[in-house]
Amino acid sequence: MINHIITNLFHTIGCLPFGIRAETREVGIEGLKSDKSYLIMPFEKHKSQLGKLKYLKSVTIVLLGLFLTISHSSWSQNQRCLTEALLPSITLDEQEQRIQSWMQANPVLPRTIVTIPVVVHIVYHVGSPSENISDQQIQSQIEVLNRDFRGRSSQINEISAEFKPLVADVELEFCLASVDPRGRATTGITRTETTQRNIANNAFQIKDGLNKGIDAWDTNAYLNIWVGARADGVLGQATRPNEGSKDKQGLVIDYRAFGTIGTASDNKPYNQGRTAVHEVGHYFGLQHVWGDEDEPSCSTDDGIADTPRQNLTYANECPSRFDLETFSCGTRDMYMNFMNYTDDSCMAMFSLEQKKRMLAVLYEFRSGLLESNGCGMQVVSTHNPAAALMNVYPNPVTDELILQFTNLNQAYSLVLFNSLGHELFTQNGTTAPTTRLKVAHLPKGCYFLTVSSGSKTNTQKVIIQ
Ligand SMILES: [Zn+2]
C-alpha cells in the first residue's frame, strides 16, 4: 500500500520537514499542581482567527506565581482530564495563527500515515504492585489508539447518519518505541518503583527523576505517557502545544484508566482506553467539543467547524443515537466525539476538521515526531508485515541513490514522497536487483521512499543534503 508511509527514520542531523519550525520556545518553569486557585493572574482573553477560541477559566499560581494549572471540570465522580500549563511559551494567538497558516497552506492533507513513537513510563508505588501494570495492558492501550485514530473504533456503527460522513481516519498510528534515545533496543516501556503514593496526583513529580518519578525521553522524538496512581479523581491530563516546558510534554494517565485489561478491566466506565485517546487529542491541540470553559454553554466552542456547539459535557453518560436528549444549542450533539466526557464505551470518533487541526499541530509544533527514530530503523507497514525490501545508499545522499532490493521476487512500485506526503516520483519495475534514482535536483531535506511489491510495503527515510 503506497500510502502507508511509516516514519522509519534514521536519527539525523537536524532534518526537519520543509517549512516546519522546530519547537524551540518552551519555557522551563516548573511548579506544583494544586486543586485550588490561590491567585488569579490577569490573563488576556485571546481571540482566534476563527473568533471562537475561548480562554481558560481557572488559573492557579503556586510557588512564586510561576505555575498555572487549568482545571477543566468538576464533576462528582471521576474527572476525564486536566490539561496543565506552565507559563505559555507562545500565546494562544500565535499558536492559532500557526495552525491556521498551516491549514491554509495544506488544503490537501499529507497522505502520509505517521507512526508516533510512544514510551510508556510506569511509576508504581513500592507497596502497590498492581500499579505495575503488565506489558499486555500497555499494548491494549496502543491498540486502542491505533484503532481510534484510524477511524476504526468498535462503536463506529453506532454513529448516527448525520455524523457518519464526518468520521475521520486521522492517519496517525502509534508504536511502542523500539529504539531508545541512545539508539539501543527497547520495549518502549520503563518501570520505576517509587516511595511516593499516588504519584500521578502531581504531574511534575511523576515526570521528575530526581523527585521519585522518571524523566521524559526526548519529547521531540517520543510521545511520553506516564502511568501511575492518582487519588484526586482525575483520569488523565496532557500538555497542549503551547503549554509546558519541553521536558514535560506528554500525558499522565491513571493506571486504572489505561488500556482495556488488567487494572482497567473493572474500572467502568473508563475501561476502554479512551482516556488516553482523549488526552492525545489535547496533546495535538484539540479542545473539548464545547470549548475550554469549565461549564459548557451555547456561546462557547472548540474552534472546529464540524463539531456542533453543545451545552452538555456528557460526563458519566452513555447516550445512544436514538436518544432525544442529545440535542442542545439547536442541533444534535456529537456526544460520541472523543473530545467529550462521554463514557468510554460510547465514544466513537474524531471529526474531519479535528483531524486537520491535529495534523497542523503535528507538523507545526511536534514535527520532531516525524523525524524520530523511535520506531526503529526499518519499520514495515503494520498492515503488511514483511522483511525489509530494500537497502538504500548512500544516505544521506547528494546526487544519486542506489536502491538494492532484497526479498523482491515480483514487480514492484517505488514512490518518493516529500515530508508532507506529496508524491514526487513514481517508478514501476520488475525484479531487477538494483535501481538508481537521481536526486540532485531536489531541495535538501527529508524524503520518504516507499517500495511496494505484492502484499509487502516498506518505507525508508532518505536525507538529501
Ligand atoms: Zn479533556
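A few notes on this one:
- Protection proxy ranking of 181-190, 141-150 - average other beta-carbon atoms within 10 Å, highest first: 141-150, 181-190
- Part-to-part distance (alpha-carbon centres) for region 331-374 and region 277-292, which is given in Å: 7
- Approximating the spin labels as points 7 Å out from Cα along Cα→Cβ, the Gln155-to-Asp135 distance works out to 3.1 nm.
- Listed cross-link partners Lys212/Lys356; Lys355/Lys444; Lys246/Lys355; Lys164/Lys356; Lys207/Lys444; Lys355/Lys438 are compared with a 27 Å cut-off, the Cα-Cα value being larger for Lys212/Lys356; Lys355/Lys444; Lys207/Lys444; Lys355/Lys438.
Bear in mind that the values in this text are calculations on the coordinates, not laboratory data. Bear in mind the structure is a predicted one, so any value in this text is a computation, not a measurement. Here the Cβ is made from the backbone with ideal geometry for all residues, glycine too, and neighbour counts use every protein chain on show.
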